[in-house]
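The block underneath contains the structure these notes are about, expressed in structure tokens.
Read-outs: derived from the displayed coordinates by stated rules, not from any lab. Since we're looking at a predicted model, the values are computed, not measured. Here the Cβ is made from the backbone with ideal geometry for all residues, glycine too, and neighbour counts use every protein chain on show.
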């Protein structure tokens, strides 16, 4: 996108002012297929460290499954009343096979050879598989999933789709119900998405944020 094609800054800020952590979704309102496919693509386009994408996005629309998950989500109604319940599942343990899969995709998309990517491979293996970071690789992967969460929420706000980031759930039970451990994954964070209930009182409350000068420092 060139500068001439950029959206007006006020459009972005308006969307971010509009969004809030939705407490009550309208279960009768569903995200359209076209809108959801756009949001799905924003998940796919999320940046990640080394481009490794150590995640899967588990999208739940089945009412029975949402009901099962609600009982392990502090009984929060957003889980069952939303249109799409998104579970951001991060990689438990990174392997050389994961790195090789990413490099194969890189070679395919960019029309290059695996041999030309060997130096990049050595760096990633040395850091993420053999280095100190390997000891905390699960935490590293979970932080990558939060990048996707932020990207998803901003994109949703631009499309006037409501979201509610959610850590109030039992990851162990989510992993069991969704079969994540067998796939070398764990539920890092969730985000119900849909449309707010007109009577949700929290939608009209002013945002409470520190002033820019209190949190943004220039050096």
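What to note about this one:
- Dividing the convex hull volume of the alpha carbon atoms of the chain by its residue count gives 184 Å³ per residue.
- Rounded if a/c under 1.5, otherwise prolate or oblate - segment 1-59, Cα gyration tensor axes: oblate
- If R0 equals 22 Å, the separation of the Cβ atoms of residue 37 and residue 147 corresponds to a calculated FRET efficiency of about 0.60.
- Three-way shape call for segment 169-213 based on the alpha-carbon gyration tensor, with the a/c threshold at 1.5: oblate
- Projected label points at residue 29 and residue 219, each 7 Å from Cα along the beta carbon direction, are separated by 4.4 nanometres.
- Modelled FRET efficiency - R0 25 Å, residue 45 with residue 123, Cβ distances, 0.05 increments: 0.55
- Shape metrics for segment 106-154, restricted to C-alpha atoms - Rg then Dmax, Å: 14.4, 38
- Pairs of Cα atoms nearer than 8 Å and 6+ residues apart set the relative contact order; for segment 53-117 it is 34 percent.
- Its alpha carbons give segment 68-119 an Rg and a Dmax of 19.2, 51 Å.
- Helix-only [θ]222 nm of the chain, DSSP H runs n ≥ 4, -39500 (n - 2.57) each, per residue, nearest 500: -12000 deg cm²/dmol
- For the peptides 111-120, 127-136, the ranking by packing is 127-136, 111-120, with the highest mean count of neighbouring Cβ atoms within 10 Å listed first.
- For segment 106-219, the gyration tensor built on C-alpha atoms gives a prolate shape. Its axis ratio a/c (a ≥ b ≥ c) is at least 1.5, and a/b is the larger of a/b and b/c.
- Per residue, the average separation of C-alpha pairs within less than 8 Å and at least 6 apart gives segment 77-219 a relative contact order of 37 percent.
- Taking every alpha-carbon pair under 8 Å whose residues sit at least 6 apart, segment 1-119 reaches a relative contact order of 26 percent.
- Relative packing of peptides 161-168, 60-67 - highest average C-beta neighbours within 10 Å first: 161-168, 60-67
- In this entry, segment 1-108 is assigned a mean projected area of 10.3 nm², taken as a quarter of its C-alpha convex hull surface.
- Between segment 23-86 and segment 141-219, the alpha-carbon center distance in angstrom: 10
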